[in-house]
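These notes concern the structure reproduced below.
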Amino acid sequence: MFKNAQGAKRKVITFDDEGNAVARQDSTTPSLTATTPMTSALKGTQKTSTSQSQGKKPSSEFDSSDKTLQNGLGQLAKKQKRKLQHQTDGKSKKLFNKEPATADIIARAKDLRKHRQSLPIHTAREIIIQEVKNNACVVIVGETGSGKTTQIPQYLLEAGLAAHGTIAITQPRRVAAINLARRVADEVGTPLGQKVGYSIRFDDTSSKDSMIKYMTDGIMLRELLSDPLLLRYSVIILDEAHERTLRTDILFGMVKSIQKQRSDMIEKDGRKDIRPLKIVVMSATLDAEKFSEYFYNAKIMYISGRMYPVTILNTVEPQSDYVDAALVTSFQIHQDEQPGDILVFLTGQEEIESLEKLIEEYAVDLPAQVGKLIPCPIFAAQDSATQQKIFEPAPLGTRKVILATNIAETSITIPNIRYVIDTGCHKSRGYNAKIGIESLLVEPISKSSARQRSGRAGREAPGLCFRLYTEDSFDLLDEDTVPEIKRCNLESAILSLKATGVDDVTRFDFMDRPSKSGMLRSLEHLYALEALDDEGKLTEIGKKMAAFPVDPPYAKVLLQSEKMECTKEAIEIISLLSVDTIFSSPSSKREEANEARQKFTSIDGDHLTLLNTLRAYESMKGDRDWCRENFINSRHMRHVLDVRAQLIQFCERIGINPKKSCGHEYDIVIKCFLAGFFANTALLQPDATYKSIVGGLTVSIHPSSSLFGKKREAIVYNELVFTTKHYIRGVSAVESAWLSHAAPKYFGQRHA
């Protein structure tokens, strides 16, 4: 099924321990050079190397025309200045550990010191420190295996750059932030949460004394609400910048403007209580020149990775079912290849869990001499404890097969991976601004992603990458993935910008400017949600919505639930919607599963069906046998309970009573959801089809819905999915008369 398509090697220039350049011909990756956009000391010959083009000489001067964030920041409040005084007295921050480092922790740090010194990045330690000290911003292209994400923060800490503020490292994904913080805490020799910590949504394992702090980019954006100039940080490292998520792109513009504002307050206003902000932009694959130009012609540095050779095998013919092909390939590897774990890239939770069950079923029939094969899934909706299981070593005589989304491309490094199965697909968010429809589509990956995936097999030893697509298909792939900001709904981003003082979002300094139609559509929707007033300014409701760690429609539902006294039900349904599905439907027992589901089905639709299921689950105290008999996914239900607990805590924190219940008046709950999802509504047509109110699309109720095949005068839905049709999921019946009451601004304008 496969044929060899192994890549060529490239010339390398590296540095020895004294920082002298040394040429070496037999490696597959380049080591570190420091360049300006004008010059380059490294010219790679391999197809996958980063291109370098000429540009202007770096400048330490900021663009005086940058006006972003001028509104709403101004001078620091006296209270905030007192809070930061301990960072401005010219002395290093003192660390007050509640639990001293044990002998085991210190011994572990000593053991890891040799490993740290063996990393490719170690020979460039002094150069990196010097460049960061001498430049306001540095762009670092650190290839896979270089050690950049764990080592650079420690180098800057050791060089004293955390003396007047914390070193922050942003990550697109929470699992990466957690595992990186744990590793660095081990290497530094400190209990996690003290000198080294992390912060993700609903989990802040850090303290005021933390000197290195890993966090998701969403958490950094939320911190801007309480600390508009990010004065608690001396260095911000924007890691995995190549992923170009929506939040990451917003963060680029925010920290760029904050850096200039802090510089102006020091140089022009003579503020001695403010310290300059250093920015480090890092990635494994990056358009370095573009980032350099955006960040005031920042200096560019290149760091090699320790890559072992990876043999790439493409299929001879296209595969009609890549999940089935991945199953067959996994068992071929397990029976024919040397020891080493397998990493399979899939598009999402549904595919992962489907393949997990298939592997478990077929693994039972494996010959005893072959050994066991254990599937280990990882995807974003999992709780943190479950995600950590993929890092545990497999038992003796057992091979793990990791089933992952693109979370495993660059964000995390899973040990002992020797084989990669690349399906060539991922889920990509899309948004049609003209009709206001958001979608999640399965699409081909980019060449850059394909290279990253194959590189996962060569971290610890020579490996194999099985691409479930042809060489011709690879050649047709786009070079890079289109940034999310150019293809996504911008409501959350605009709400965040407004909440941090950026009134005119159209003039915000985006690296890639989103479409005008997309911005206008999002502004219109936020206005209809009552987050913006007639002048486009943030309302009190908008400020409260921005404080919630959920998308604007859900935030509106939670706020509305306080007025309608159904907060308990709203929290529970939102928690249930946080997973793909709580129901399990094995292909061999589909009729039995459908029959079992009828026990919980509500004639009013999916929202109340989910609520009925949760109530039944809790009445049985989460009994696993009961879940199995009723085809309920117990793992997903545990995740639902975890999300519910977090939302309850959050509501209590902002003064909303999470126990307020509407009892059995369930119409109130649906009306409450309609307040946030009024744009996701459709009306029954004379020909018995449904047409969406926004966009006028003909939509079909998904077969998994409890309203499938039923006719109601109007419906509200949670999401629209493009497959063979425009399918809608999470559907409940509403009355058409409710619409104008749910969003009078929106429907009043449309029908004026």
Considering every residue within the stretch 161-175, establish whether at least one is assigned by TED's automatic domain parsing to the domain that holds residue 294, touching a Gly at 6+ places or on another chain (Cβ under 8 Å), among the aliphatic types (A, V, I, L, M) and in contact (Cβ under 8 Å) with a residue 12 or more places away in the chain. no
Output for the stretch 622-648, where each listed residue is outside any helix (DSSP H, G or I) and either surrounded by 18 or more Cβ atoms within 10 Å (Cβ to Cβ) or of a type in the set (S, T, N, Q) (or both): 630, 631, 632, 633
Sort out which residues of the stretch 276-289 are modelled with pLDDT under 95 and either closer than 16 Å to residue 239 by Cα or in a loop (DSSP other than H, G, I, E, B) (or both), and write them in order of number. 282, 283, 284, 285, 286, 287, 288
Scan of the stretch 200-219 for residues that are part of a strand (DSSP E or B), touching a helix residue (DSSP H, G or I) at 6+ places or on another chain (Cβ under 6 Å) and closer than 21 Å to residue 101 by Cβ, ordered by number: 212, 214
Taking the stretch 413-438 and keeping only residues that are modelled with pLDDT of 80 or more and of a type in the set (Val, Ile, Thr), one is left with 414, 417, 420, 421, 423
Consider residue 358 carefully, then state whether it is over 25 Å from residue 443 (Cβ atoms), in contact with a Leu (Cβ under 7 Å, 6 or more places away or on another chain) and not basic (Lys, Arg). no
From 444, 415, 393, grab the single residue that is farther than 22 Å from residue 323 by Cα, free of Cβ contacts under 8 Å to residues at least 40 places away in the same chain and not assigned by TED's automatic domain parsing to the domain that holds residue 177. 393
Just to be sure, is residue 602 part of a helix (DSSP H, G or I) and of a type in the set (Gly, Ala, Ser)? no
Residue identified as surrounded by 17 or more Cβ atoms within 10 Å (Cβ to Cβ), part of a loop (DSSP other than H, G, I, E, B), at pLDDT 90 or above and assigned by TED's automatic domain parsing to the domain that holds residue 442 among 347, 410: 347
Looking for something surrounded by 20 or more Cβ atoms within 10 Å (Cβ to Cβ) and hydroxyl-bearing (Ser, Thr, Tyr) - is there at least one such residue anywhere in the stretch 100-112? no
Against the condition farther than 27 Å from residue 456 by Cβ, more than 24 Å from the chain's Cα centre (by Cα) and not small (Gly, Ala, Ser), how does residue 133 come out, does it pass? yes
Give me the pairs: first residue in the stretch 590-606 and in contact (Cβ under 8 Å) with a residue 12 or more places away in the chain, second residue buried (at least 17 other Cβ atoms within 10 Å of the Cβ) and part of a helix (DSSP H, G or I), beta-carbon distance under 7 Å, and six or more apart or on different chains, which are they? 600/609; 600/613; 601/609; 602/608; 602/609; 604/666; 604/670
Among the helices (runs of 4 or more DSSP H) contained in the stretch 491-585, which hold 2 or more residues that are not assigned by TED's automatic domain parsing to the domain that holds residue 670? 491-499, 516-528, 540-547
Kindly indicate whether residue 390 is at pLDDT 95 or above, over 22 Å from residue 246 (Cβ atoms) and outside any loop (DSSP other than H, G, I, E, B). no
Selection from the stretch 541-558 of residues that are of a type in the set (A, V, I, L, M, F, W, C) and buried (at least 24 other Cβ atoms within 10 Å of the Cβ): 545, 555, 557, 558
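Here is a yes/no grid of residues against (1) in a loop (DSSP other than H, G, I, E, B); (2) assigned by TED's automatic domain parsing to the domain that holds residue 604; (3) over 26 Å from residue 202 (Cβ atoms); (4) more than 29 Å from the chain's Cα centre (by Cα):
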{"residue": "652", "(1), (2), (3), (4)": "no, yes, no, no"}
{"residue": "657", "(1), (2), (3), (4)": "yes, yes, no, yes"}
{"residue": "663", "(1), (2), (3), (4)": "yes, yes, yes, yes"}
{"residue": "668", "(1), (2), (3), (4)": "no, yes, yes, yes"}
{"residue": "671", "(1), (2), (3), (4)": "no, yes, yes, yes"}
{"residue": "675", "(1), (2), (3), (4)": "no, yes, no, no"}
{"residue": "683", "(1), (2), (3), (4)": "no, yes, yes, yes"}
{"residue": "687", "(1), (2), (3), (4)": "yes, yes, yes, yes"}
Please indicate, with yes or no, whether at least one residue in the stretch 597-618 is in the same structural domain as residue 674 (by TED's automatic domain parsing) and at pLDDT below 90. no
Contact list, first residue from the stretch 122-137 and within 23 Å of residue 290 (Cβ to Cβ), second anywhere and among the aromatic types (Phe, Trp, Tyr) and in a helix (DSSP H, G or I), beta-carbon distance below 7 Å, six or more apart or interchain, is 128/155
Unmet requirement for residue 324, which otherwise passes all of (1) charged (D, E, K, R); (2) farther than 18 Å from residue 415 by Cβ; (3) modelled with pLDDT under 95: (3)
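Each row is one residue, and each column tells you yes or no for (1) in contact with a Phe, Trp or Tyr (Cβ under 7 Å, 6 or more places away or on another chain); (2) not in a loop (DSSP other than H, G, I, E, B).
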residue: 145; (1), (2): no, no
residue: 152; (1), (2): no, yes
residue: 157; (1), (2): no, yes
residue: 162; (1), (2): no, no
residue: 168; (1), (2): yes, yes
residue: 177; (1), (2): yes, yes
residue: 180; (1), (2): yes, yes
residue: 185; (1), (2): no, yes
residue: 190; (1), (2): no, no
Among the residues listed as 359, 374, the single one being of a type in the set (Val, Ile, Thr), over 24 Å from the mean Cα position of the chain (by Cα) and surrounded by 19 or more Cβ atoms within 10 Å (Cβ to Cβ): 359
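The values are calculated or read from the model by the stated rules, or taken from the named source; none is laboratory data. Predicted, not measured: the structure shown is a model, and the values here were computed from it. Positions of Cβ are generated from backbone atoms using ideal geometry, with glycine treated the same way; all protein chains shown enter the neighbour counts.
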